[in-house]
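I have placed the structure first, in the form of structure tokens, so that the comments after it can refer back to it.
The values are calculated or read from the model by the stated rules, or taken from the named source; none is laboratory data. Source: prediction; values computed, not measured. No Cβ is skipped: glycine too gets one built from the backbone with ideal geometry, and neighbour counts run over all protein chains shown. Heads up: the accessible areas ignore ligands, DNA and RNA and are worked out on the full protein's heavy atoms, side chains in. Shrake-Rupley method; radii C 1.70, N 1.55, O 1.52, S 1.80 Å.
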Amino acid sequence: MRRLLSAVCGFALLALSSGALAQPAPVEGDFRTADFALAGGQRLGELRLHYRTLGEPRRGADGRVENAVLLLHGTGGTGAQFLSPQFAGELFGPGQPLDTARYYIIMPDNLGHGGSSKPSDGLRARFPEYGYADMVEAQRRLLTEGLGVDRLRLILGTSMGCMHIFVWGETHPDFADALMPLACQPTAIVGRNRLWRTMLRNAIRSDPAWRGGDYAEQPREGLREAVDLLVLAGGAAMPLQRDLATQEAVDAYAAAQQARRLPALDANDLWHQVNASHDYDPSARLEAITAPVTWINSADDFINPPELGLSEQFVPRIADVRYRLIPNSVEGKGHGTHTWATFWKDDLVELLARSER
């Protein structure tokens, strides 16, 4: 069973400020399907995926939509992050790389996020533990069953969405003409990357106010620690050194981050969002990716540090890939560089030209 309903909602955790919406305003809706099976064996009685679209689908001579672009957000975010000036203002306007007069832009809130099915809707800690394979399957169902799209011109994803792209490329190698993963590695999350995530999850569930996930009020102390970890993981050392040059500036910044982020958080939602990476490890099947890929990381990314040498291991195993590391600079955005299109817009233009059918 499926149906499309209009709705409006959304919040962002790791995304930067959504700012002014791109014009024209996006069309919003919900895709629903019953009895969604998860890879771990559990089932979700009803899957709801909220989405936003810009532009109109255009069909080719074979009747298939040929101009659809799927944008995939990061952990804790929503599709609304792509409406920020630093993203939409660089890409969606007339003559820009993803001009909405030319492309049909699809921006879902992924499973567990925003206006889509998530623990805080009512199941709380009893919500099934979903993984990235489940999130990609939900995206595929939205496209094929909800929007009538069985071919994508491009998938572009940031952070968690970046990791989803590697899953897409291996499990559905013919679905997209081009792939642009931004800010991730195609391998299991271990080492420091898993350590801070584990600390965050432990902080939430060790708060006495957690109460097995059936809390009367949010476990604020656990969430405060989670926010601190998110701020550290997303920050860039050089601009923080410049901008937080005194003890007072550091203290004020830390307090402001708590004040801005904490009210938007739900502990069950955040725990599941961070936990979702538990089944991610595409490293064994990179040779299955056949679509042209432009893969971008940044040298100031705490979450994906270049000194690990992971990209050097994986690039030779992907058939048609161009990899670029954005250099460290005082203007860098750390992990958040993925949402500032000015750093990689030219790479996107080149990928679209290289993958033109």
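Calculate how many DSSP beta bridges within the chain are antiparallel, expressed in % of all such bridges and rounded to the nearest 5.
For the chain, the DSSP antiparallel bridge percentage is about 50.
Going by average Cβ density within 10 Å per residue, which order do the peptides 224-235, 99-110 take, highest to lowest?
Ranked from most to least packed, the peptides come out as 99-110, 224-235.
Answer with one residue from GLY74, VAL330, ALA34: the one whose Cα lies farthest towards the positive end of the charge dipole of the chain, charges on Cβ with Lys, Arg +1 and Asp, Glu -1.
Final value for the positive-end residue is ALA34.
Using a 1.4 Å probe on the protein heavy atoms, what percent of the accessible area of the range 229-338 belongs to carbon and sulfur?
On the range 229-338, the fraction of accessible area on carbon and sulfur atoms equals 59 percent.
Between the range 154-189 and the range 232-303, how far is it from one alpha carbon centroid to the other, in angstrom?
Centre-to-centre (Cα) distance: 17 Å.
Give me the number: length gained by fully extending GLU350 to ALA288, i.e. 0.36 nm times residue separation minus the C-alpha to C-alpha distance, one decimal in nm.
20.1 nm
For a quick check of understanding: with a 1.4 angstrom probe and all protein chains in place, what accessible area in square angstrom does ARG192 have, to the nearest ten?
Here the residue's solvent-accessible area equals roughly 110 Å².
Going by accessible area, probe 1.4 Å, with all protein chains left in place, what is the ranking of ARG220, ARG194, ARG354, largest first?
ARG220, ARG194, ARG354
What shape does the range 218-287 take by its C-alpha gyration tensor, where a ≥ b ≥ c are the square roots of the eigenvalues and a/c under 1.5 counts as rounded, a/b above b/c as prolate, and the rest as oblate?
oblate
Calculate the dipole size of the chain relative to its Cα centre from +1 charges on Lys and Arg beta carbons and -1 charges on Asp and Glu beta carbons; express the result in debye to the nearest 20.
Dipole size: approximately 480 debye.
Around MET238, what is the net charge, scoring Lys/Arg as +1 and Asp/Glu as -1 over all other residues with Cβ under 9 Å from its Cβ?
Cβ neighbours under 9 Å give a net charge of -1.
At 1.4 Å probe size, with every protein chain present, just tell me what the per residue accessible area of the range 76-214 comes to in Å². Write out the running numbers ahead of the final one.
Values: 4010 Å² over 139 residues.
Normalised by residue count, the accessible surface of the range 76-214 is 29 Å².
Going through the DSSP H helices of the chain, which span 20 Å or more along their own axis at the Cα atoms while scoring at least 0.0 as a mean Kyte-Doolittle hydropathy?
Correct list, ordered by number: 220-234.
Carbon-plus-sulfur fraction of the accessible area of the range 107-162, 1.4 Å probe, in percent?
41 percent
Under the 0.36 nm per residue contour assumption, what length would be gained going from the current alpha-carbon distance of LEU229 and ARG357 to full extension?
Extending this stretch completely gives an extra 41.7 nm.
Run the helix sum for the chain: -39,500 (n - 2.57) per DSSP H stretch of 4+ residues, divided by residue count, reported at 222 nm to the nearest 500 deg cm²/dmol.
On the way: 10 runs with 106 residues, N = 357.
Helix-only estimate at 222 nm: -9000 deg cm²/dmol.
Cβ neighbours within 10 Å, averaged per peptide: list 78-85, 204-211 in order, most packed at the top.
78-85, 204-211
Classify the range 163-290 from the C-alpha gyration tensor, please: rounded if a/c falls under 1.5, else prolate or oblate depending on whether a/b exceeds b/c.
Here the range 163-290 falls in the oblate category.
Test of understanding: what is the full-extension gain from ARG126 to GLN257, defined as 0.36 nm times their sequence separation minus their Cα-Cα distance? List each step's numbers first, then the result.
Working: separation 131, 0.36 × 131 = 47.16 nm, distance 2.96 nm.
My answer for the length gained is 44.2 nm.
Rounded, prolate or oblate: pick one for the range 101-224, where a ≥ b ≥ c are the square roots of the eigenvalues of its C-alpha gyration tensor, a/c under 1.5 means rounded, and failing that, prolate if a/b is larger than b/c, else oblate.
Here the range 101-224 falls in the prolate category.
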